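Asks: Questions regarding the structure given below will be posed in turn.
The values are calculated or read from the model by the stated rules, or taken from the named source; none is laboratory data. Keep in mind that what you see is a predicted model, and the values were worked out from it rather than measured. Positions of Cβ are backbone-derived with ideal geometry, glycine not excepted, and every protein chain shown enters the neighbour counts. To get the accessible areas, we keep the full protein, side chains included, count just its heavy atoms, and leave off ligands, DNA and RNA. Shrake-Rupley method; radii C 1.70, N 1.55, O 1.52, S 1.80 Å.
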Amino acid sequence: MRHLVDASYLIEPFPGVWLLMIDANVFEPVSGIPVGTSGDLADSTGAGWNAMLRHKSFMFDWMRNVADRASRFGKCLLAFSHYPAADPLDDTLEDELDLLGPTSFSDRIPVSAVAEALMDAGITIHFSGHLHVNDTARVRRGGAYLINVGMPSLVAFPCAYKIITSEDGHLHVETIGIGNMPLDPAILTLYQTEVSRTGLKTGNMLNASDYGTFLYEHLGHLVGRRFLKREWPRDLVSLIQALSLLDVAYLAGEPQAVATRGAISAVERLRATPQARTRLQERFQDGASLGAMESVSMLSFLADWYRLRMASELALDWIDEERLALYAAVSELYQQSSSKQEGGVQARLALLFRMYGKFVSGLPSRNFSVDLSTGSIVSAQPERR
């Protein structure tokens, strides 16, 4: 038997506020490997709260005890752990699995039983890290609720931190970005030296004038360099690399299902069909420009898709409003697409745009207030400092 230390603790840093710091690291035994030998315990990175349910059930009893005492003594109880306790990706897990299969993110999303167990334990507010996602997630059950505040990282887009204020039965969350911080010329020189030596492609990262732009470009660069290579089906990768936003709009307007392998030839046919272009022009009389859509590659869309996935509303500061309007127009096309397209590439693209819609319309995640008695969340303007 292997005995592991649990590093959880409770502290009252100032009167009236209790911070419940939860060690949610679980190193699960690996079947078939003798205890005490190398590799006998799995890394906790992909386990998180799901493994807490299986191997640290005693922690929920302790949390229940802490929550009861906090209620009796009139304390504001805030829980913290490294891992998210509710889906920080705007309830897109099922769509992601249908579109991509298991990914580095999907494997780390907690099952619904985690939120249920935490609500049973009296936990209402939980702050998490791990995924570097700026997000607010809420789970309700009757009068109970759990709010998970996903904390962004200082070293990844959107590079921000949060200030929490507790007063009069409300929790106020203010998000402070550090993207306007200038880049260190010495560090840029080191990067340039590495690029010269290795020939590494860095996109526009080294042309950035500030830290936020550097990380914005970095995340966009990772789309082609990491995500498409590791997590996306090969046939979809080929399409995304070849098509424009206008091309996928044409596909949305095609009433019959188009096989993924035949999508490019289908787009060429639709582009040569006056009726198809007329249909799009009629749909976009509200100002969406077909010419503007043609100038946006699907790779550019996917870069913004990932930025919104990671930053939620903070990403809106970085994406042009006209570009967002184009995305919304194509998203609406796919929301209204024909059921006859099921099984075709349109159905797969519809999942992609449905996820985009959830990323761009989630709960407030920049500056907001939580009514601790009801769990209601409203956007708020930060106080001037």
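Asks: State whether the residues of the range 16-31 include one that is open to solvent by 20 Å² or more (accessible area, probe 1.4 Å), of a type in the set (Gly, Ala, Ser) and within 21 Å of the chain's Cα centre (by Cα).
Replies: No, the conditions are met nowhere in the range 16-31.
Asks: Then there's this: Among the residues of the range 276-299, is any touching a Gly at 6+ places or on another chain (Cβ under 7 Å) and closer than 23 Å to GLY224 by Cα?
Replies: Residues of the range 276-299 that are touching a Gly at 6+ places or on another chain (Cβ under 7 Å), as a first pass: 276, 279-280, 299.
This time we only want the ones that are closer than 23 Å to GLY224 by Cα, so: 299.
The answer is yes, given that some residue of the range 276-299 is touching a Gly at 6+ places or on another chain (Cβ under 7 Å) and closer than 23 Å to GLY224 by Cα.
Asks: Here's another thing I want to ask about it. Just the residues that are open to solvent by 20 Å² or more (accessible area, probe 1.4 Å), in contact with a Ser or Thr (Cβ under 7 Å, 6 or more places away or on another chain) and either more than 30 Å from ILE125 (Cβ to Cβ) or free of Cβ contacts under 8 Å to residues at least 40 places away in the same chain (or both), please, taken from the range 349-374.
Replies: Those that are open to solvent by 20 Å² or more (accessible area, probe 1.4 Å), in contact with a Ser or Thr (Cβ under 7 Å, 6 or more places away or on another chain) and either more than 30 Å from ILE125 (Cβ to Cβ) or free of Cβ contacts under 8 Å to residues at least 40 places away in the same chain (or both): ALA350, GLY357.
For every residue, the table says whether it meets (1) open to solvent by 60 Å² or more (accessible area, probe 1.4 Å); (2) over 21 Å from the mean Cα position of the chain (by Cα); (3) at pLDDT below 95.
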site	(1), (2), (3)
GLU254	no, yes, yes
ARG279	yes, yes, yes
ARG283	yes, yes, yes
ALA288	no, yes, yes
VAL296	no, yes, no
TRP305	no, no, no
LEU308	no, no, no
SER312	no, no, no
ALA329	no, yes, yes
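Asks: Among the residues of the range 132-147, is there at least one that is assigned to a loop (DSSP other than H, G, I, E, B), touching a residue at least 12 places away in the same chain (Cβ under 8 Å) and open to solvent by 10 Å² or more (accessible area, probe 1.4 Å)?
Replies: Going through the range 132-147, the residues assigned to a loop (DSSP other than H, G, I, E, B) turn out to be 132-134, 142-143.
This time we only want the ones that are touching a residue at least 12 places away in the same chain (Cβ under 8 Å), so: 132-134.
Now restrict to residues that are open to solvent by 10 Å² or more (accessible area, probe 1.4 Å): 132.
Yes, the range 132-147 has at least one match.
Conditions tested, residue by residue: (1) within 22 Å of ASP90 (Cβ to Cβ); (2) not aliphatic (A, V, I, L, M).
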{"residue": "VAL223", "(1), (2)": "yes, no"}
{"residue": "PHE227", "(1), (2)": "yes, yes"}
{"residue": "ARG234", "(1), (2)": "no, yes"}
{"residue": "LEU245", "(1), (2)": "yes, no"}
{"residue": "GLY262", "(1), (2)": "no, yes"}
{"residue": "ALA272", "(1), (2)": "no, no"}
{"residue": "SER297", "(1), (2)": "no, yes"}
{"residue": "PHE301", "(1), (2)": "yes, yes"}
{"residue": "GLU322", "(1), (2)": "no, yes"}
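Asks: May I ask you to say which residue of ALA315, ALA252, ALA325 is out of contact with any Phe, Trp or Tyr (no Cβ under 7 Å at 6 or more places or on another chain), under 27 Å from SER106 (Cβ atoms) and outside any loop (DSSP other than H, G, I, E, B)? Spell out how you get there, then give the answer.
Replies: Details: ALA252 fails: out of contact with any Phe, Trp or Tyr (no Cβ under 7 Å at 6 or more places or on another chain); ALA325 fails: under 27 Å from SER106 (Cβ atoms).
The unique qualifying residue is ALA315.
Asks: Note down all Cβ pairs under 8 Å where the first residue falls in the range 168-185 and is under 24 Å from VAL149 (Cα atoms), the second is assigned to a strand (DSSP E or B) and among the charged types (D, E, K, R), and they're at least six residues apart or on different chains.
Replies: Going by the 8 Å Cβ cut-off, the qualifying pairs are GLY169/ASP371; HIS170/ASP371; VAL173/LYS162; GLU174/LYS162; THR175/LYS162; ILE176/LYS162; GLY179/ASP210; ASN180/ASP210.
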